[in-house]
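For reference, the structure is listed below as structure tokens.
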Amino acid sequence: MTDSDKNDDERAAMRARLDRLSLALEEKTEAARSARKTAQSGGESSAAIGKGLRIASELVAGVVVGGLAGVGLDYWLGTKPVFSILLFLLGMVAGFWNVIRDAMKPTSFN
């Protein structure tokens, strides 16, 4: 076997190895692209979950703040159930108003 035949064989082996590595790189790149697309679509659902949790916490916060303010005023003024009931109801109305207002906002999860 001459040196030129040996060089041709080495070049052919290197070319075959380069082709295999290029194909593996293309497959990995495509897998990474599809994983990125999947992660982006998962981001939309997590944004929706976040909005739902924010709306629920605003509802609960309105009721709790109204109720505690009513209890505090009743304790301070000595009028037991009056302000507790009124401010509890006012907190409920404020909480539902916040829920309706947030639910009516247009959403863009992009």
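The numbers here are math on the coordinates, done by the rules we state, and not lab data. The structure displayed is predicted, hence computed values, not measured ones. Cβ sites come from the backbone with ideal geometry, for glycine too, and all protein chains shown count toward neighbours.
Here the simple spin-label model places points 7 Å from the Cα toward Cβ, and for residue 56 and residue 7 these points are separated by 7.3 nm.
In degrees from 0 to 90, rounded to the nearest 10, what is the angle of the helix 82-104 Cα long axis to the longest principal axis of the chain? It works out to around 30 degrees. With the convex hull drawn around the C-alpha atoms of the stretch 3-104, the volume per residue stands at 108 Å³. Axis angle, to the nearest 10 degrees, between helix 3-77 and the longest C-alpha principal axis of the chain: 0 degrees.
Packing-based ranking of 81-88, 20-27 yields 81-88, 20-27, ordered from highest to lowest mean Cβ neighbour count within 10 Å.
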